[in-house]
1. For region 57-77, name all the residues that are in a strand (DSSP E or B) and exposed (fewer than 15 other Cβ atoms within 10 Å of the Cβ).
2. Within region 130-149, restricting attention to residues that are part of a loop (DSSP other than H, G, I, E, B) and free of Cβ contacts under 8 Å to residues at least 60 places away in the same chain, which residue is least open to solvent (accessible area, probe 1.4 Å)?
3. With respect to R75, determine if the residue is closer than 21 Å to C164 by Cα, charged (D, E, K, R) and modelled with pLDDT of 95 or more.
4. Can you tell me which of H94, H112 is open to solvent by 10 Å² or more (accessible area, probe 1.4 Å) and at positive phi?
5. Could you tell me which numbered condition I96 fails, if it satisfies all but one of (1) closer than 25 Å to D62 by Cβ; (2) under 14 Å from the mean Cα position of the chain (by Cα)?
6. Taking the condition of being without any contact (Cβ under 8 Å) to a residue 24 or more places away in the chain and either touching a strand residue (DSSP E or B) at 6+ places or on another chain (Cβ under 8 Å) or within 18 Å of I131 (Cβ to Cβ) (or both), how many residues in region 56-82 meet it?
7. Inspect all residues belonging to region 108-118 and state whether any of them is assigned to a loop (DSSP other than H, G, I, E, B), modelled with pLDDT of 95 or more and hydroxyl-bearing (S, T, Y).
Amino acid sequence: VVLVDTATLTVGRSIKMRGKNPEHAVWSPDGKWLYVSAEEADSVDIVDVAKGQVIKSVKVGDRPRGIGFLPDGTRAYVAAENADTVNVFDVGKHEIIARIKAGSRSNGVTVHPDGKRVYVSSGGKGTVQVIDTETKAITEEIPVGRRPWNMALTPDGKKLYVACGRSNAVAVIDTQTNKKVAEIPVGTLPWGVAIR
């Protein structure tokens, strides 16, 4: 994983991962930790940013993908695509405290700003699942399109945009009703969404 100094646009540090083919690298809200999932592995590498090194690797299931932190940084959610699960981490201990059975090919993870909901895309089912962070239960399943991958929420948390790779579109979910309200054609195989 390469850390770039945004002031100088130069490489500040390059950190060797243990997992093969690292794909997602997500900062904890306080910037102390970097959780990295490796597409061709079964673990998440946890980087101590101050030390600039991996301090722990935690097995989560085959093909870990999306990662999301609660706004207060106490929990992290990691999808394992081939295991069809979402792993819940205690960030203070860097340990898994729960495994949630999710949809087929669990992939993208996005956390609502209120910290009460986590959204997980199910590539095999063509849905987005809503996890209640208190009960750790899936409370809703929203059809969105073929092969949903990564997602992003608007800053107010009212809309969720989902890249649906095999639909060549981005689905828009109203998070208050948990319904798909629009589908935007974007071209071949969209993988992710960023909201500015």
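1. Taking region 57-77 first, the residues in a strand (DSSP E or B) are 57-59, 64-69, 75-77.
Passing the criteria: only K59.
2. Kept after step one, since they are part of a loop (DSSP other than H, G, I, E, B), are these residues of region 130-149: 133-136, 144-147.
Subsequent filtering for residues that are free of Cβ contacts under 8 Å to residues at least 60 places away in the same chain retains 134-136, 144-147.
On the way: E134: 157, T135: 87, K136: 77, V144: 2, G145: 24, R146: 150, R147: 35 Å².
Taking the candidates together, the pick is V144.
3. Working: closer than 21 Å to C164 by Cα: no; charged (D, E, K, R): yes; modelled with pLDDT of 95 or more: yes.
When the stated conditions are applied, R75 does not pass them.
4. Numbers: H112 fails: at positive phi.
Being open to solvent by 10 Å² or more (accessible area, probe 1.4 Å) and at positive phi holds for just one of H94, H112, which is H94.
5. The single condition I96 does not satisfy is (2).
6. From region 56-82, those without any contact (Cβ under 8 Å) to a residue 24 or more places away in the chain are 59, 62, 74, 82; that's our starting set.
When the remaining residues are screened for being either touching a strand residue (DSSP E or B) at 6+ places or on another chain (Cβ under 8 Å) or within 18 Å of I131 (Cβ to Cβ) (or both), the result is 59, 62, 74.
Of the residues in that region, 3 qualify.
7. Taking region 108-118 first, the residues assigned to a loop (DSSP other than H, G, I, E, B) are 112-116.
If we keep only those that are modelled with pLDDT of 95 or more too, we end up with 112-116.
Next, only the ones that are hydroxyl-bearing (S, T, Y) stay: none.
No - not one qualifying residue is present in region 108-118.
Listed here are the residues, each with its yes/no results for (1) closer than 29 Å to A98 by Cβ; (2) over 15 Å from the mean Cα position of the chain (by Cα); (3) at pLDDT 95 or above.
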{"site": "E140", "(1), (2), (3)": "yes, yes, yes"}
{"site": "L153", "(1), (2), (3)": "yes, no, yes"}
{"site": "A163", "(1), (2), (3)": "yes, no, yes"}
{"site": "S167", "(1), (2), (3)": "no, yes, yes"}
{"site": "A171", "(1), (2), (3)": "yes, yes, yes"}
{"site": "T175", "(1), (2), (3)": "yes, yes, yes"}
{"site": "V181", "(1), (2), (3)": "no, yes, yes"}
{"site": "P190", "(1), (2), (3)": "no, yes, yes"}
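The values are calculated or read from the model by the stated rules, or taken from the named source; none is laboratory data. Values in this document were obtained by computation on a predicted structure and should not be read as measured data. When we count neighbours, we look across all protein chains shown, and the Cβ atoms used for this are built from the backbone with ideal geometry, even at glycine. When the accessible area is computed, the model is the full protein with side chains, heavy atoms only, and any ligands, DNA or RNA have been set aside. Shrake-Rupley method; radii C 1.70, N 1.55, O 1.52, S 1.80 Å.
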